[in-house]
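First the structure, in the form of structure tokens, and then the observations on it.
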Ligand SMILES: Nc1ncnc2c1ncn2[C@@H]1O[C@H](COP(=O)(O)OP(=O)(O)O)[C@@H](O)[C@H]1O
Ligand SMILES: [Mg+2]
């Protein structure tokens, strides 16, 4: 049973009329959306439709050219660079398609990196739990080059979860993975929402991956053009085809 508190009614992330231009390219063209806490949302759209820009703005990695982004009620655009970095470090986990692991560090060091950078200590029980969830307990002393692509992506997810972020953003995290490994990664993201109440935002162009979410947003030319709730792969494909 959950108790509604004032805190719970503030969306995890809220975008209001967000634009992002690069020269004369409008990568985001007036996007407004509120991501509910503990929800799992997929974002789909053709290549170049603004998915990565959307994720970068929503996560505070990038500043919009116009409009506002609030993370947990905090207006990211009003923060100094240093405070924005701190907010991101404390509240956000980010999983990149290309893993972005540090080659010279072993798996445990890579996973611990955000805590070390934030000057925070480890909670050994939570490290154990995260490592167990991603199935890398017997790989902690391996370097990334000694892991498969799926293992590297699972290490990257563990690194995103270790700070217990309120929101986990993942930009095509299964793009480079075979279907069975992709399923492991999607299950982890689903568990982040279901077991620990984290908010998950997943960019993907795979309808099967999108169907793991509670809701799918469709982007086209920098705008949200549609939403599909309780998605199935067939429904996602049908909606995709009609865009
Ligand atoms: N750093 C950048 N400099 C210039 N143009 C960019 C930059 N990043 C993205 N764009 C442009 O913005 C648009 C949206 O890009 P992006 O968000 O990467 O789309 P997606 O992730 O959906 O493929 C594209 O036209 C892309 O070329
Ligand atoms: Mg992209």
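Laboratory data are not the source of any read-out in this text; all were calculated from the coordinates shown. These numbers were taken from a predicted model, which means no experiment stands behind them. For neighbour counting, all protein chains shown are included, and Cβ atoms are generated from backbone atoms with ideal geometry for every residue, glycine included.
By how many nm would the segment from residue 195 to residue 120 grow when fully extended, if each residue of separation counts as 0.36 nm and the alpha-carbon distance is taken off? Provide the component values of the computation, followed by the final result.
Values: separation 75, 0.36 × 75 = 27.00 nm, distance 2.35 nm.
24.6 nm is the gain from fully extending residue 195 to residue 120.
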Above 22 Å lies some portion of the pair distances; for segment 95-220, what is it as a whole percent of all C-alpha pairs?
31
Peptides 199-211, 9-21 ordered by average Cβ neighbours within 10 Å, highest first
199-211, 9-21
Seen from all sides and averaged, what is the projected area of the convex hull of the Cα atoms in segment 1-125, in nm²?
10.5
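Taking 8 Å as the Cα distance limit and 6 or more residues as the minimum spacing, I'd like the relative contact order of segment 44-161 as a percentage. Write down the numbers at each step before the final one.
Working: 101 pairs, mean separation 30.4, N = 118.
That works out to 26 percent.
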Expressed as a rounded percentage, what relative contact order does the chain have, with Cα pairs under 8 Å and six or more residues apart?
26
Report the convex hull volume per residue for segment 136-191, counting only C-alpha atoms, in Å³.
90
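Could you work out Rg/(2.2 N^0.38 Å) for the chain, with Rg from alpha carbons only? Please report the intermediate quantities before stating the final value.
Numbers: Rg = 17.5 Å, N = 243, 2.2 N^0.38 = 17.7 Å.
So the Cα radius of gyration is 0.98 times the expected 2.2 N^0.38 Å.
Scaled to the compact-protein estimate 2.2 N^0.38 Å, what is the alpha-carbon radius of gyration of segment 90-135, rounded to two decimal places?
Taking the Cα Rg and dividing by 2.2 N^0.38 Å, one obtains 1.18.
Which of 142, 56 has the fewest other C-beta atoms within 10 Å, and how do the rest follow up to the most?
Ordered by Cβ neighbours within 10 Å, fewest first: 142, 56.
What's the extension gain from residue 9 to residue 82 if we count 0.36 nm per residue and subtract their Cα-Cα distance? If you can, show how the numbers build up before the last one.
Working: separation 73, 0.36 × 73 = 26.28 nm, distance 2.76 nm.
Result: 23.5 nm gained on full extension.
Compare the peptides 35-42, 65-72 by average per-residue count of other Cβ atoms within 10 angstrom and give them in order, highest first.
Result, highest mean Cβ count within 10 Å first: 35-42, 65-72.
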Which value, in Å to one decimal place, does the Kirkwood hydrodynamic radius take for segment 91-168 when every pair of different Cα atoms is included?
12.2
Largest first, please: the extent of the C-alpha atoms of segment 198-242 along each principal axis, to the nearest Å.
28, 23, 16
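Using the number of other C-beta atoms within 10 angstrom as an exposure proxy, rank 172, 227, 81 with the fewest first.
Working: 172 21, 227 13, 81 8.
Fewest-to-most Cβ neighbours within 10 Å comes out as 81, 227, 172.
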Given the C-alpha centroids of segment 147-200 and segment 72-94, what is the distance between them in whole angstrom?
21
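Of the beta bridges DSSP finds with both residues in the chain, what % are antiparallel, to the nearest 5? Before the final figure, lay out the partial values.
Numbers: 21 of 38 bridges.
Roughly 55 percent of the DSSP beta bridges within the chain come out antiparallel.
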Give the angle, between 0 and 90 degrees and rounded to the nearest 10, that separates the Cα long axis of helix 124-133 from the longest principal axis of the Cα atoms of the chain.
70
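Obtain the radius of gyration and the Kirkwood radius of segment 56-100 from its C-alpha atoms and give Rg over Rh.
On the Cα set of segment 56-100, Rg over Rh gives 0.97.
Quick check on the exposure proxy: order 113, 186, 147, 177 from fewest to most C-beta atoms within 10 angstrom. Walk me through the intermediate numbers first.
On the way: 113 15, 186 26, 147 18, 177 23.
By the 10 Å Cβ count, ascending, the order reads 113, 147, 177, 186.
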Gain on full stretching of the segment that runs from residue 232 to residue 34 - 0.36 nm per residue minus C-alpha separation
69.1 nm
Can you compute the modelled spin-label distance between residue 47 and residue 221, with each label point 7 Å from Cα toward Cβ, in nm?
2.0
